[in-house]
Amino acid sequence: MAKTTVNDIVALCKRRGFIFTGSEIYGGLGGAYDYGPYGVELMRNIRNAWWNAMIYSRDDIEGLDAALITNRLLWKYSGHEGNFSDPLVECKKCGARMRQDKMRDPSKCDNCGSTDLTAPRAYQLMMGLSIGAVSDGEINAYLRPETATTTYTNFKNVLDSRPHKLPFGIAQIGKAFRNEISPRGFVFRMREFEQAEMQYFVNPSDDEKYFDMWKETRMAWWVNVLGIPAEKLRFMPHEKLAHYAKAACDIEYEFPDGFDEVEGIHNRQDFDLGSHTKSQREFKINASVMENRDSTTKLAYSDAQTGDSFIPFVIETAMGVNRAMFAVMLNAYTVEDLGDGKTRTVLKLKPWLAPVKAAVIPLARNVPELQTIANNIENDLRKLGIGRIEMENSGNIGKNYRRHDEIGTPVCITVDHQSMEDGTVTMRHRDSMAQERIKIADVPARVREICGM
Ligand code: ATP
């Protein structure tokens, strides 16, 4: 079968209600997408899988959900106001605006091929806000461009309320906003997107050990939890490091156009806590930081045994949730040849990621007894609390199977006349299309087992 393309996923997303163009009925808005009935479920399941691995399965990481609108000073001292920009180049012939470091050939316009280009200029990526009646349109706040900085500014709040010894982490999932020059690749590069980021605070002498540990831990999660085969993922170390980083490495997924970043793992040393802390001179700060005259709080760690107070190093894991969902869909999308010129499209998702966990299908619409049995099965499955269960009442079994294959539903449970006689139903499995007859009483336990929950 042909290789999956981005257009296959775009079409499936629209047809089956995963992702729509933002502001679509007014012509759309570049870099903004709306998630539909199944998209919200898949996103939620990826978020939950991440939260489960990062928080519920460990003792050393706390959760946080910080505000999206933030005081300007956060971004002054984080360095974003001065440095968070991309090199913008304009074509003097066709007017196209491009990000120089992502151009196919930096000497030629991506759009018309002209070599008549402006020199690159720094283009600020943050979305400024003017908040409050007295602001008079002046930028006095920003929509956050990442979750990490609001984690650093809450370091002391979290540590004071949930004391930990080093190493420990703080994790957040939430929206981030960047005024990207050229949003592209469907949901690959958006202006509003979601990140799942974790900042792990370590003793400076342990940084390399934990950088390696998090690289391996995160890669294993992509393989085992998201179900991406190891050969479609790779580590890509950064050759050119950002001014704050001591080491950095991306996890890349093989998209249809080649490998590209889905998650970053960074050794940020003491740059962030050192930038935002009060009384910087009291500490030996390794990274080069701006003098901070505004912070009200020391963002240091006190070792109870030695009495030392110091600024920990940070190992960050930073995943894009939308990119993860995109990679998961590209990887799961399969067109199977059924012979006789027939094909079927299946989304072979790991069952715990599937937007719908099971569909219940009464074979005839007008037989009340069948409806009652189907309703009871649906209720019993809903009581499991494992996610969305759907009742299909169209009466067209073939169409129902096709729809659920396309959205990745792991099993369909069909209720027919035999169910009334012997209390059994047909369980049809998505990937193998195998059908088995099982007792109605066994359905909830089987579905729970299949969904791995
Ligand atoms: P890029 O080099 O692609 O611009 P980045 O290195 O700036 O990304 P980070 O700041 O490290 O990205 O953000 C962590 C993750 O957030 C990325 O690995 C990516 O999955 C996701 N991400 C970043 N920018 C976007 C965007 N504009 N749209 C969707 N996801 C994004």
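Here are some notes:
- The ellipsoid equivalent to the alpha-carbon distribution of region 216-328 has semi-axes of 35, 15, 12 angstrom, derived from the gyration tensor eigenvalues as √(5λ) and listed largest first.
- Remark: the residue 442-residue 83 segment gains 123.3 nm on full extension, using 0.36 nm per residue and subtracting the alpha carbon distance.
- Modelled FRET efficiency - R0 51 Å, residue 114 with residue 302, Cβ distances, 0.05 increments: 0.25
- 3J(HN,Hα) from dihedral phi, region 68-83, Karplus parametrisation 6.51/-1.76/1.60, rounded to Hz, x for glycine, proline: 7, 9, 9, 4, 3, 5, 3, 8, 5, 7, 6, x, 5, 4, x, 10
- Extension gain for the segment residue 97 to residue 52, taken as residue separation times 0.36 nm less the Cα-Cα distance, is 12.1 nm to one decimal.
- Ordered by the number of other Cβ atoms lying within 10 Å of each residue's own Cβ, fewest first, 253, 123 fall into the sequence 123, 253.
- Using the Karplus relation 6.51 cos²θ - 1.76 cosθ + 1.60 with θ = phi - 60°, the per-residue 3J(HN,Hα) values for region 209-223 come to 4, 6, 4, 5, 4, 6, 4, 5, 4, 6, 4, 4, 5, 4, 6 Hz, with x marking Gly and Pro.
- Rounded to whole Hz, the Karplus (6.51, -1.76, 1.60) HN-Hα couplings of region 256-273, x for glycine and proline: x, 8, x, 5, 8, 5, 10, 8, x, 10, 10, 9, 9, 6, 9, 4, 6, 5
- Kirkwood radius, region 354-450, all distinct C-alpha pairs, inverse of mean reciprocal distance: 13.1 Å.
- To the nearest ten degrees, helix 37-51 and the longest principal axis of the Cα atoms of the chain are 60 degrees apart.
- Scattering curve values for the chain, log₁₀ I(q)/I(0), Debye with Cα scatterers, q = 0.09 Å⁻¹: -0.71
- Of the peptides 326-332, 359-365, the order by per-residue mean of other Cβ atoms within 10 Å, starting with the highest, comes out as 326-332, 359-365.
- Isolated cysteines in the chain, defined as those with no second cysteine Cβ under 4.7 Å, comprise 13, 249, 412, 451.
- If you take the Cα centroid of region 292-360 and the Cα centroid of region 1-39, the two points sit 20 Å apart.
- Computed extension length for residue 160-residue 422: 88.2 nm, one decimal, from 0.36 nm per residue of separation with the Cα-Cα distance subtracted.
- Inter-label distance for residue 290 and residue 208, nm, one decimal - labels placed 7 Å from Cα along Cα-to-Cβ: 3.2
- Annotation: lysines with alpha-carbon distance below 18 angstrom to residue 76 (same-chain offsets under eight excluded): 278, 298.
- Annotation: for a label point projected 7 angstrom from Cα along Cα→Cβ of residue 107, residues of region 75-99 with backbone N closer than 18 Å are 89-93.
- Helix axis angle, 321-332 relative to the chain longest principal axis, alpha carbon, degrees: 40
- Spacing of the modelled spin labels on residue 44 and residue 369, each 7 Å from Cα toward Cβ, amounts to 3.6 nm.
- All lysines inside 30 Å of residue 348 as judged from Cα atoms, apart from same-chain residues fewer than 8 positions distant: 3, 14, 175, 215, 232, 357, 383, 399, 439
- Region 354-450, relative contact order in percent, only Cα pairs under 8 angstrom and at least six apart counted: 33
- Sequence-distant residues sharing a close amide H with residue 169 (under 5 Å, placed H): 61, 62, 201
- Region 64-87 and region 413-445 have Cα centres separated by 55 Å.
Every number here is computed from the coordinates shown, using simple stated rules; none is lab data. All values derive from a computational prediction rather than experimental measurement. Virtual Cβ from ideal backbone geometry, glycine too; neighbours counted across all protein chains shown.
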